[in-house]
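Chemist: Here's a structure for you.
The values are calculated or read from the model by the stated rules, or taken from the named source; none is laboratory data. Predicted model, so just to flag it, every value in this text is computed and none were measured. All Cβ positions, even for glycine, are placed from backbone atoms using ideal geometry, and neighbour counts span all protein chains on display. Calculation scope for accessible area: heavy atoms of the full protein, side chains included, ligands and nucleic acids excluded. Shrake-Rupley method; radii C 1.70, N 1.55, O 1.52, S 1.80 Å.
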Amino acid sequence: MKTARDLMTTPAECLAPDETLVTAARMLSKYDVGSMPVVDGDTLVGVVTDRDIVINAVAKGLDPQETPVTQIATSNVVTVEASANATEVAALMAEHQVRRLPVVDGGKVVGMVAQADVARDLDEGTTGEVVEEISQS
């Protein structure tokens, strides 16, 4: 069975903690992704999503040109080890109801794995269960 390392998109494009929301939005658009890890050096400090920018910043009147990503990023981030198999990745996604996971190796972010990446490696029944669990939130 494939591992998270086999499934992930690499390299993981990341944001620095002091990047503004405008920069984050531009990076998300440039790489055509919905979320991006926030790293301080090699340390993962959060994840920011396109939804975070809209719901937690723009809708609340925060200035996207001045607000750093760390102000709205999720700081309690679920990660997966690069050596984890696809079933483990799917189980983590279902348990925590997330569609994307940063992949780490020795604590360093080395890639991102998305629900679609995992679905390609699992049977239809398991994929359906995972999607259902994730979508319950």
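Chemist: Name the shape class, rounded, prolate or oblate, that the alpha-carbon gyration tensor gives for the stretch 1-68, where a ≥ b ≥ c are the square roots of its eigenvalues, rounded holds for a/c under 1.5, and otherwise prolate holds if a/b is larger than b/c and oblate otherwise.
Modeler: prolate
Chemist: Between S29 and T74, what length comes free when the chain is fully extended (0.36 nm per residue of separation minus the Cα-Cα distance, one decimal in nm)?
Modeler: Here the segment from S29 to T74 would lengthen by 14.3 nm.
Chemist: Where does each of 55-61, 20-26, 86-92 land if you order them by average Cβ count within 10 Å, highest first?
Modeler: Taking the mean over residues of other Cβ atoms within 10 Å, the ranking is 86-92, 20-26, 55-61.
Chemist: While we're on this one: Quick one: what do you get for the chain if you divide its Cα Rg by 2.2 N^0.38 Å?
Modeler: 1.05
Chemist: Can I ask one more? Tell me the label-point distance for the pair D18, A116, using the 7 Å Cα-to-Cβ offset, in nm and rounded to one decimal.
Modeler: 3.5 nm
Chemist: Sticking with this structure for a sec: Give me the extension gain from K2 to K60: residue separation times 0.36 nm, minus the current Cα-Cα distance, reported in nm with one decimal.
Modeler: Value of the extension gain: 16.7 nm.
Chemist: Based on Cβ point charges of +1 for Lys and Arg and -1 for Asp and Glu, what charge dipole magnitude is obtained for the chain about its Cα centre, in debye rounded to the nearest 20?
Modeler: With only Lys, Arg, Asp and Glu charged at Cβ, the dipole is about 260 debye.
Chemist: Give me the percent of accessible area attributable to carbon and sulfur for the chain, probe 1.4 angstrom.
Modeler: In the chain, the share of accessible area belonging to carbon and sulfur is 46 percent.
Chemist: Tabulate in residue order the Karplus-calculated ³J(HN,Hα) for the stretch 12-24, using 6.51 cos²θ - 1.76 cosθ + 1.60 with θ = phi - 60°, rounded to whole Hz; enter x for Gly and Pro.
Modeler: So the Karplus estimates, Gly and Pro as x, are 7, 6, 10, 10, 7, x, 8, 5, 7, 5, 4, 4, 4 Hz.
Chemist: Separate question: Amide H neighbours of V38 under 5 Å, counting only residues 5+ apart in sequence or on other chains, H built in-plane at 1.01 Å?
Modeler: L15, V45, G46, V47, V48
Chemist: If amide hydrogens are placed 1.01 Å from N in the peptide plane, which non-local residues have theirs closer than 5 Å to the one on V110?
Modeler: V103, V104, D105
Chemist: What ³J(HN,Hα) values, in whole Hz, does the Karplus curve 6.51 cos²θ - 1.76 cosθ + 1.60 give for the stretch 93-106 when θ = phi - 60°, with x put for Gly and Pro?
Modeler: 4, 5, 4, 9, 6, 10, 9, 9, 10, x, 9, 10, 9, x
Chemist: Under the rule of -39500 (n - 2.57) per DSSP H run of 4 or more residues, summed and divided by the residues of the chain, what mean residue ellipticity at 222 nm is obtained, to the nearest 500 deg cm²/dmol?
Modeler: Value at 222 nm, helices only: -9500 deg cm²/dmol.
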